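Data first, discussion second: the structure below is written as C-alpha cells.
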Amino acid sequence: MQDSATSALLSRDAAAAAMGVRYVRSDHDSVSFAQNTIPALADDVGRFGLPMFGVLLDCTVGSAGYCASETQPIAVVASMSIALTGATSHSAELVADGWPVHVDDTTGTALGRAEVRTGDGVVLATATARAAKVERSMIDGIPALSPADLPLGPTSTTDSGGPADVYGLTVVDRSAGTTTASVEPKSWMLNPFGSVQGGVLVGLMATATEVAARPLAERGQGFYLADIGVDLIRSPALSMGELIIETTLVRRGRRFCLLDSELRTADGKTLVRSHGTILLT
C-alpha cells in the first residue's frame, strides 16, 4: 500500500477532515488511522459509537482489503458489518487498525477487517467490510474542513439530541413499530467523489436505529446498538436534497430488539439499508 496515495485520497475527503481522521501508517499486513474524540457525538451516557467513528472505520476497513497490494486502487466500501461493545471511556483519542482478509480479482472486490479502540486500549468495535474498485475521478471544490466545521449546535426540531442534531436527523413520524425521519446531505459529509462518505452513511443509519429504539426501553432502562450490517447501495449527492429514513421494528425481545432501516430518495429509491440489533441493558 502506498502512503502517498492514501494521504492524497484522505486530503480530499471532507467527511474525514470534518471528523479529524488522520492517517497513521500502513504496511503489507495492516493499516492504521486515528482521530480525536468529539464529545457532541457521544450518546447521552457518554458512549462512543458509530456516529463518532463511522468515518474512521470506513477509512480503515475500506483501505485494509488492499493494503497488501503494490498499488492502492480507488475503492469504496460496498457493505459493512459491525459489532460494538457499548463501552464508555474518557479517552481523547480513537485508534483504528485494519487488516486484509481476501482480494477477489475476478470481481474487483476486497474483504478487510478492522478494530476501533480508545487511546487507553478499550475496544469499541470490530468490523468486516467488502470494498469494490471504482473508476471515478476526484472532483475539485471539496471543502477543506476540520472538526470545528461540524454543526455541533442543535439543528433538528426533535428531542433526539446529540448525534441526531449533528447529522441533522429529524423525526417526522412515529407510528406502531415504524419511525420515519428526514435528513439532507451536507457539504461536510462528502467523500472525494462529491457524494456522501460511506462512514457518514453508517453513522447516520446507526443514529436512526438508536433514535427509533428509544421508545422500546422501559423507564430507567438503558440500551445501545450492539450490531449493525449496512449495505451501501448508492451514495447520495448533495443535489438529491431531503432524504427519508424509515426504521421498522422487527422484534422486541427481553434483551434484544431487531430493527431494519432504509434510506430512500423522495421518490422511493433505496440508497442504503441496514439491519440493527439493539441491546437493552
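The values are calculated or read from the model by the stated rules, or taken from the named source; none is laboratory data. None of these values were measured; they are calculated from a predicted model. We place every Cβ from the backbone using ideal geometry, glycine too, and count neighbours over all the protein chains shown.
Key figures for this structure:
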{"read-out": "Extreme residue, nearest to the chain's Cα centre (by Cα), among residues of region 171-221 that are of a type in the set (Gly, Ala, Ser) and more than 18 Å from residue 278 (Cα to Cα)", "value": "199"}
{"read-out": "One residue from 128, 106 being β-branched (Val, Ile, Thr) and modelled with pLDDT of 95 or more", "value": "128"}
{"read-out": "Test for residue 173: is it over 20 Å from residue 202 (Cβ atoms), part of a strand (DSSP E or B) and modelled with pLDDT of 95 or more", "value": "yes"}
{"read-out": "Residues of region 67-122 satisfying the condition of being among the β-branched types (Val, Ile, Thr), within 26 Å of residue 279 (Cβ to Cβ) and in a loop (DSSP other than H, G, I, E, B)", "value": "85, 122"}
{"read-out": "Condition broken by residue 222, with the remaining ones in (1) within 21 Å of residue 87 (Cα to Cα); (2) surrounded by 15 or more Cβ atoms within 10 Å (Cβ to Cβ); (3) of a type outside the set (D, E, K, R) satisfied", "value": "(2)"}
{"read-out": "Identity of the residue in region 123-138, in a loop (DSSP other than H, G, I, E, B) and in contact with a strand residue (DSSP E or B) (Cβ under 9 Å, 6 or more places away or on another chain), that ends up farthest from residue 97 (Cα to Cα)", "value": "136"}
{"read-out": "Counted residues, region 176-189 - those being in a strand (DSSP E or B) and surrounded by fewer than 24 Cβ atoms within 10 Å (Cβ to Cβ)", "value": "5"}
{"read-out": "Odd one out for residue 58, checked against (1) farther than 17 Å from residue 207 by Cα; (2) among the charged types (D, E, K, R); (3) in a helix (DSSP H, G or I)", "value": "(1)"}
{"read-out": "Conditions (1) out of contact with any strand residue (DSSP E or B) (no Cβ under 6 Å at 6 or more places or on another chain); (2) of a type outside the set (A, V, I, L, M); (3) surrounded by fewer than 20 Cβ atoms within 10 Å (Cβ to Cβ): number failed by residue 54", "value": "(3)"}
{"read-out": "Hits in region 190-212 - residues which are under 10 Å from residue 237 (Cα atoms) and in a helix (DSSP H, G or I)", "value": "none"}
{"read-out": "Options 248, 281; residue that is closer than 21 Å to residue 46 by Cβ, in contact (Cβ under 8 Å) with a residue 60 or more places away in the chain and not small (Gly, Ala, Ser)", "value": "281"}
{"read-out": "Those residues of region 227-242 which are exposed (fewer than 14 other Cβ atoms within 10 Å of the Cβ) and part of a strand (DSSP E or B), in sequence order", "value": "237"}
{"read-out": "Yes/no for residue 111 being among the aliphatic types (A, V, I, L, M) and either under 17 Å from residue 204 (Cα atoms) or under 13 Å from the mean Cα position of the chain (by Cα) (or both)", "value": "no"}
{"read-out": "Pair list, Cβ < 7 Å and 6+ apart or interchain, from region 26-46 residues that are in a loop (DSSP other than H, G, I, E, B) and crowded, with 18+ Cβ neighbours inside 10 Å to residues that are of a type in the set (S, T, N, Q) and modelled with pLDDT under 95", "value": "37/91"}
{"read-out": "Pairs with Cβ under 8 Å, 6+ apart, first in region 252-268 and over 20 Å from residue 174 (Cα atoms), second surrounded by 15 or more Cβ atoms within 10 Å (Cβ to Cβ) and of a type outside the set (Asp, Glu)", "value": "254/280; 255/279; 255/280; 256/226; 256/277; 256/278; 256/279; 256/280"}
